[in-house]
Amino acid sequence: MKVKYHLFVLLATTLVAGSFLASEKLAGIINPFSLTLLRFAGASLVLLPIVLSKAKWRIKILPTLPRAMVISLFYSAFFIALFESLNTTTPLKTGALFTLVPFITALLSILAFKGKVSKTQTVVYLLGVVGAVWVILEGQLDLLLTFSINKGDLIFMAGVLFMCCYTIAMKFLYRNDEILVLVFCTLLGGSFWMMLTLLFTGQSLQWNLIQGYSVVHMAYLIVGATLITVYLYQKTTVVLGPSVKSIQ
């Protein structure tokens with residue numbers, strides 16, 4: 001039964017990996033904060049008619065929203081760190097560093113929930129770390145002697161921690177919520193935080209600049225890399241826990 005949810009995690013991770021490339025294509029067109037706001041707002045609008053279609057979902061929106069605001073704060077902070085890091089690092093390196101999320105989340109979960117990590121999980125996580133380092137070093141072992149982490153890498157590592165906290169917050173603040181409602185409120189909260197960021201930085205929306213094939217990239221970010229991944233991560237976190245327990 002739980003195999004299905006592990007496949008969901010794999011699918012979500014694949015969709016997120018694709019988002020690094022799509023984001024790179026769009027980052028040069030409009031500012032990253034506006035781009036992320038459009039992701040959240042667009043995904044919210046897609047989900048809105050579904051959530052409003054049933055009374056049992058509508059009445060859950062207001063009670064769920066305060067907790068979702070906290071969850072979405074970490075999620076929004078991840079994207080802010082991601083785009084800031086891309087000023088001084090590469091999408092390839094951010095994608096590699098993102099593979100550290102399960103390992104760090106598992107460690108934080110031990111502290112937060114007094115959970116345990118199996119030997120199999122530990123091996124898998126460590127292999128992920130080795131793979132990430134291998135990509136960062138471009139497969140050249142001699143670079144290990146001169147290995148250095150630049151500013152962008154450090155910023156994205158902060159983003160990795162935010163993503164880990166996002167996963168833990170989902171589990172910690174879950175109250176037998178309707179998953180679709182929780183996803184909608186999380187996206188709504190993300191829209192609020194990104195709008196606040198735009199106001200604070202004084203940057204404009206510039207959504208009119210997204211034209212031609214860029215619309216396809218944007219649609220992928222809204223539906224595939226935002227709406228679907230948020231749903232999959234929240235669904236699997238509730239079932240498997242933030243450390244993603246081993247298949248039973």
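Here are the numbers for this structure:
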read-out	value
Segment 32-54 residues near the modelled Q203 label - backbone nitrogen below 19 Å, point 7 Å along Cα→Cβ	32-43
Viscosity 1.002 mPa s, temperature 20 °C, Stokes-Einstein D of segment 3-240 from Kirkwood C-alpha radius, µm²/s	115
Highest-first arrangement of 52-59, 224-231, 184-191, 11-18, where packing means the average Cβ count within 10 Å	184-191, 224-231, 11-18, 52-59
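Readers should treat all values here as calculations from the given coordinates under stated rules, not as data from a laboratory. Worth saying up front: this structure is predicted, and the values here are computed from it rather than measured. FYI the Cβ positions are ideal-geometry reconstructions off the backbone, even for glycines, and counts take in every protein chain you see.
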